[in-house]
Amino acid sequence: MNPRILFAIAGRVLVQLRRDRRTLALLLVLPCVLITLLWWMFKDTPVFDAVGPALLAMFPFIVMFLVTSVTTLRERSSGTLERLLAMPMGKLDFLLGYGVAFGVVAAVQSALAVALSVGFLGLDVQGPVWLLTVVAVVDAVLGSALGLFVSAFAQTEFQAVQFMPALVIPQILLCGLFIPRDQLPATLEAVSNVLPLSYAVDAMQTLTSTTATADVWQDLAVVAGFALAGLALGAATLRRRTP
Amino acid sequence: MVKNAVEIHDLHVVRGRRTVLEHLDITVGAGVTGLLGPSGCGKSTLMRCLVGVQQVAGGAVSVFGDPAGSSRLRDRVGYVTQASSVYDDLTVDENLRFFARVLGVDPAHVDRAVDAVDLDDHRDQVVGRLSGGQRSRASLAVALLGEPDLLVLDEPTVGLDPVLRADLWRLFHDLADRGTAVFVSSHVMDEAERCDRLLLMREGRIIADGTPTEIKEKAGAGNIEDAFLAIVRGAAA
Ligand SMILES: Nc1ncnc2c1ncn2[C@@H]1O[C@H](COP(=O)(O)OP(=O)(O)OP(=O)(O)O)[C@@H](O)[C@H]1O
Ligand SMILES: [Mg+2]
């Protein structure tokens, strides 16, 4: 691993994102708009307090999954990855470079969403607010790792986007957003126990409901473990030599 | 001191179900070596082998005495893929600065590389808005960055106007004079005359190897295109 190369890659990804104003605006503003919409829908009911935390966990995950799978696919098909792999770049430099760049974007995105939810929409948070953002960032890195992994199995951007219903929507359905996980049929609860988004949502819900953070750190560790496993899988799909 | 930049021994490559390179034995030394052959004959595949990004079924490729693709070689070999591999959403300057950082070379190299491919006027333009030829020059500039000892160029002059093409060939010879081994592929037969040494390739085999003059004389032809045809017909007969 080489920090110079890692940060060169992270910096480049951020410059590319900055150039793409529309994507950047969507990344930062869209979660806020959707959260506000939900708050408005359930105004004067306790629903927003129940689903708000889950949303804060979902957006970074979904958005980073999409952005990463498409950008790395582009990198694979445009030949720039082949060129980089012929240069003194380690696979880890590449993966972590992307991870750092999208982690930064996720931090900004989550900070905005958390500030809006807590500051203006009255979301009740018992635990430390900064920890909410940490969960969101780890969650975003998880989304990036997964996106990186699936980009190896897609030939086109269209296919890459199709992985979203396959890998992301089941996690959204089972993460406790629609029904608490312990009220799911036993089989489905078991499935939800091995899905990373469940733990991210658990962490967010714990943070909003109690001041104790021990459980949060535990859930966070699980999400981080999944993210690392995702990065390792992603690394396995980055082959210097291709057929 | 290793006298050949590249030594290929019994190289065999299968892509999909197709045998693309068959038991090749090639050496590439100093100067400008051209790899010429029709579309689909395996030029790009061979170049990918040299930089170590192609899975091979057998044989050995060594570059400056190390196996192709070894980490020790990665900053000594410049590579230009056939499709220009630069970031469309970055400017020429940003692209070069990024690759310079990855290679760990001084940013001053960026100016020289931009100069060499004559893109000064377009430095701050986003690559996606350049013409095809300008884009492939940007891609070429990246390969020039680290002043590599071996340059592997996959059809770098496609679609360029004759003046610029002549300029680039002059650049290749300048680099070769300064000690870089230059390996260029092309399927344009009239570029053959510009090489110090020529490899003619067909269906994954080398069918002729020598200076352009030697090849023409041996085949009794007036130009390389006729020589190519004569050799193919001779082999078939
Ligand atoms: N990714 C791939 N998978 C399977 N087969 C491939 C792949 N890429 C190329 N081939 C096959 O390998 C053969 C040689 O291809 P290659 O790209 O090396 O040709 P080339 O000489 O560079 O042609 P051109 O002048 O058109 O660039 C072709 O028959 C092609 O069909
Ligand atoms: Mg080719």
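The values are calculated or read from the model by the stated rules, or taken from the named source; none is laboratory data. These numbers were taken from a predicted model, which means no experiment stands behind them. Using ideal geometry, Cβ is built from the backbone for each residue, glycine included, and neighbour counts are taken over all protein chains shown. In case anyone asks, the SASA skips ligands and DNA or RNA and just uses the protein heavy atoms, side chains included. Shrake-Rupley method; radii C 1.70, N 1.55, O 1.52, S 1.80 Å.
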task = Could you please let me know if A:Phe102 is within 14 Å of chain B (Cβ to nearest Cβ), of a type in the set (Phe, Trp, Tyr) and closer than 22 Å to A:Gly147 by Cβ?
result = no
Output for Cβ contacts, cut-off 8 Å, separation at least six or different chains, first residue closer than 18 Å to B:Val32 by Cα in region B:200-229, second among the aromatic types (Phe, Trp, Tyr) and open to solvent by less than 50 Å² (accessible area, probe 1.4 Å), reads B:Leu200/B:Phe228; B:Ala208/B:Phe228
Of the residues in region B:182-203, those that are part of a helix (DSSP H, G or I) and either within 15 Å of ligand 1 (Cβ to nearest atom) or surrounded by fewer than 16 Cβ atoms within 10 Å (Cβ to Cβ) (or both) number 5
Expected output for region B:108-124 (first residue free of Cβ contacts under 8 Å to residues at least 24 places away in the same chain, partner open to solvent by less than 50 Å² (accessible area, probe 1.4 Å) and part of a helix (DSSP H, G or I), Cβ below 7 Å, 6+ apart or cross-chain) is B:Asp120/B:Val114
If we keep only residues of region B:23-50 that are over 23 Å from B:Thr213 (Cα atoms) and surrounded by fewer than 16 Cβ atoms within 10 Å (Cβ to Cβ), then the residue farthest from ligand 1 (Cβ to nearest atom) is B:His23
Within region B:114-149, the count of residues that are within 17 Å of the chain's Cα centre (by Cα) and not in a loop (DSSP other than H, G, I, E, B) comes to 12
Going through region A:87-102 in order, the residues found to be open to solvent by 10 Å² or more (accessible area, probe 1.4 Å) and either within 23 Å of A:Ser69 (Cα to Cα) or modelled with pLDDT under 85 (or both) are A:Met87, A:Gly90, A:Lys91, A:Leu92, A:Leu96, A:Gly99, A:Val100
Going through (1) open to solvent by less than 10 Å² (accessible area, probe 1.4 Å); (2) closer than 30 Å to B:Gly37 by Cβ; (3) more than 10 Å from chain A (Cβ to nearest Cβ) one by one, B:Ser139 fails only at (3)
Here the residues within region B:1-16 that are part of a strand (DSSP E or B) and away from ligand 1 (no atom under 15 Å from the Cβ) are B:Val6, B:Glu7, B:His9, B:Asp10
Self-check item: Boolean, B:Val61 is open to solvent by less than 50 Å² (accessible area, probe 1.4 Å), more than 9 Å from chain A (Cβ to nearest Cβ), within 16 Å of ligand 1 (Cβ to nearest atom) and closer than 30 Å to A:Met1 by Cβ
Solution: yes
Here the qualifying pairs (Cβ atoms under 8 Å; residues six or more apart or on different chains; first in region B:25-48 and within 14 Å of chain A (Cβ to nearest Cβ); second more than 8 Å from ligand 2 (Cβ to nearest atom) and among the basic types (Lys, Arg)) come out as B:Thr45/B:Arg15
query = Do we have A:Val63 as within 14 Å of chain B (Cβ to nearest Cβ), in contact (Cβ under 8 Å) with a residue 40 or more places away in the chain and in a helix (DSSP H, G or I) here?
reply = no
Matching residues in region B:64-92 (within 13 Å of ligand 2 (Cβ to nearest atom), β-branched (Val, Ile, Thr) and open to solvent by 10 Å² or more (accessible area, probe 1.4 Å)) number 1
Screening A:Leu28, A:Leu56, A:Leu6, A:Leu14 for residues that are open to solvent by less than 80 Å² (accessible area, probe 1.4 Å), in contact (Cβ under 8 Å) with a residue 60 or more places away in the chain, more than 11 Å from every other protein chain (Cβ to nearest Cβ) and over 16 Å from A:Ala115 (Cα atoms) leaves only A:Leu14
Exactly one of A:Leu92, A:Leu116, A:Leu112 is within 14 Å of chain B (Cβ to nearest Cβ) and either in a helix (DSSP H, G or I) or of a type in the set (Phe, Trp, Tyr) (or both), and that residue is A:Leu92
Residue set A:Phe163, A:Phe178; condition open to solvent by 50 Å² or more (accessible area, probe 1.4 Å) and within 22 Å of A:Leu95 (Cβ to Cβ); output residue A:Phe163
Checking B:Gly159, B:Gly179 in turn, the sole residue that is within 16 Å of ligand 2 (Cβ to nearest atom), in a loop (DSSP other than H, G, I, E, B) and away from every other protein chain (no Cβ under 14 Å) turns out to be B:Gly159
